[in-house]
């Protein structure tokens, strides 16, 4: 549910009162997402099978499909950065879906969670670029013509700084908006009004997680490929 | 799975993703330009000038990013249509092969 409305009683508020930690709700729901993913990981690790079934099948479809997608776009180097990309998608997806459970709030509906992830992406793709190209990474900021280089340097710096901002605001705006719409529709017409929206928002939340993943992939591709 | 057709992200999702990314970069770049100009002005004491210059640079950057993104999408669409017309089966084989290698 949307935390922006007056006194939303979510599970995290009750839990916070019981624990007396005074942490904001999105921290609890991020921990919940982490617990879900760690549990899935440990359960699956214990009984990996050659012929997948059930949960393993779902994860193999998602992870395998995303790996194909990354390798198709970046090339074989994509396998090196894939361990960063895929957990990003699944983590955001789980956090988004938690917002659909009544009484829960999506951790991504708070701008702090998204800013942290977007800055991680920003640092990571620059680190990958510097690791691969060394000092020559600056050529990515210079553009093709040498006497336009100072202007292009400024433009590229603005463009690169805008990336984490746009990543943050896109995810935050979409997820927060969906949470607020759910609450408002629930006030207007309980259950009947919200139920059709769930289908739309499952689509919307998956697409937002995928967009975050895909943009990270495009940025990593930009820092991995040769400067023009 | 609804979002993953034949072991890869469904076309609708890729399409939605590509289209939805275009607008935000324009706004973000403009605001980053504005913020850079504002704080540089505060630091150097050249009151309105750097703000104006960097705001314009931010707008230029935003439009350039949108243009680049559109070109990237167009190239992708052209490559796809060329692939289906020409060596469609070969392309499919290559995809399937790389997928199986990964597992």
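The values are calculated or read from the model by the stated rules, or taken from the named source; none is laboratory data. Predicted model, so just to flag it, every value in this text is computed and none were measured. All Cβ positions, even for glycine, are placed from backbone atoms using ideal geometry, and neighbour counts span all protein chains on display.
Run down A:15, A:66, A:37 and say which single residue is in a helix (DSSP H, G or I), surrounded by 12 or more Cβ atoms within 10 Å (Cβ to Cβ), touching a residue at least 12 places away in the same chain (Cβ under 8 Å) and within 14 Å of chain B (Cβ to nearest Cβ).
Within the list A:15, A:66, A:37, the selection yields A:66.
Could you please let me know if residue A:71 is without any contact (Cβ under 8 Å) to a residue 40 or more places away in the chain, buried (at least 17 other Cβ atoms within 10 Å of the Cβ) and within 30 Å of residue B:73 (Cα to Cα)?
yes
Taking the stretch A:168-187, which residues are more than 14 Å from residue A:106 (Cα to Cα) and in contact with a helix residue (DSSP H, G or I) (Cβ under 9 Å, 6 or more places away or on another chain)?
A:168, A:169, A:170, A:185, A:186
Take the stretch A:174-204 and flag every residue that is more than 10 Å from chain B (Cβ to nearest Cβ) and either in contact with a strand residue (DSSP E or B) (Cβ under 7 Å, 6 or more places away or on another chain) or closer than 20 Å to residue A:164 by Cα (or both).
A:175, A:176, A:177
A quick yes/no check of all residues on (1) modelled with pLDDT of 90 or more; (2) within 9 Å of another protein chain (Cβ to nearest Cβ); (3) surrounded by fewer than 17 Cβ atoms within 10 Å (Cβ to Cβ):
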{"position": "B:3", "(1), (2), (3)": "no, yes, no"}
{"position": "B:22", "(1), (2), (3)": "no, no, yes"}
{"position": "B:49", "(1), (2), (3)": "no, no, yes"}
{"position": "B:52", "(1), (2), (3)": "yes, no, yes"}
{"position": "B:61", "(1), (2), (3)": "yes, yes, no"}
{"position": "B:84", "(1), (2), (3)": "no, no, yes"}
{"position": "B:88", "(1), (2), (3)": "no, no, yes"}
{"position": "B:100", "(1), (2), (3)": "no, no, yes"}
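Looking only at the stretch A:157-173, count how many residues are farther than 16 Å from residue A:123 by Cβ and more than 8 Å from chain B (Cβ to nearest Cβ).
The number of residues fulfilling the criteria is 3.
Checking residue A:129 against (1) surrounded by fewer than 20 Cβ atoms within 10 Å (Cβ to Cβ); (2) more than 14 Å from chain B (Cβ to nearest Cβ); (3) in contact (Cβ under 8 Å) with a residue 12 or more places away in the chain; (4) more than 19 Å from the chain's Cα centre (by Cα), which single condition isn't satisfied?
Going through the list (1) surrounded by fewer than 20 Cβ atoms within 10 Å (Cβ to Cβ); (2) more than 14 Å from chain B (Cβ to nearest Cβ); (3) in contact (Cβ under 8 Å) with a residue 12 or more places away in the chain; (4) more than 19 Å from the chain's Cα centre (by Cα), residue A:129 breaks only (1).
Do we have any residue at all in the stretch A:195-204 that's crowded, with 20+ Cβ neighbours inside 10 Å, in a helix (DSSP H, G or I) and at pLDDT 85 or above?
There is at least one residue in the stretch A:195-204 that is crowded, with 20+ Cβ neighbours inside 10 Å, in a helix (DSSP H, G or I) and at pLDDT 85 or above.
Residue A:83 is checked against (1) touching a helix residue (DSSP H, G or I) at 6+ places or on another chain (Cβ under 9 Å); (2) surrounded by fewer than 13 Cβ atoms within 10 Å (Cβ to Cβ); (3) assigned to a helix (DSSP H, G or I) and fails just one. What number does that condition carry?
Exception for residue A:83: condition (1).
Mind listing whichever residues of the stretch A:205-228 are more than 18 Å from the chain's Cα centre (by Cα), within 14 Å of another protein chain (Cβ to nearest Cβ) and in a helix (DSSP H, G or I)?
A:222
Those residues that are touching a helix residue (DSSP H, G or I) at 6+ places or on another chain (Cβ under 8 Å) and either farther than 15 Å from residue A:172 by Cβ or more than 9 Å from chain A (Cβ to nearest Cβ) (or both), I need them from the stretch B:24-40; list them, please.
Once the filter is applied, which keeps residues that are touching a helix residue (DSSP H, G or I) at 6+ places or on another chain (Cβ under 8 Å) and either farther than 15 Å from residue A:172 by Cβ or more than 9 Å from chain A (Cβ to nearest Cβ) (or both), the stretch B:24-40 yields B:25, B:26, B:29, B:30, B:32, B:33, B:34, B:36, B:37, B:38, B:40.
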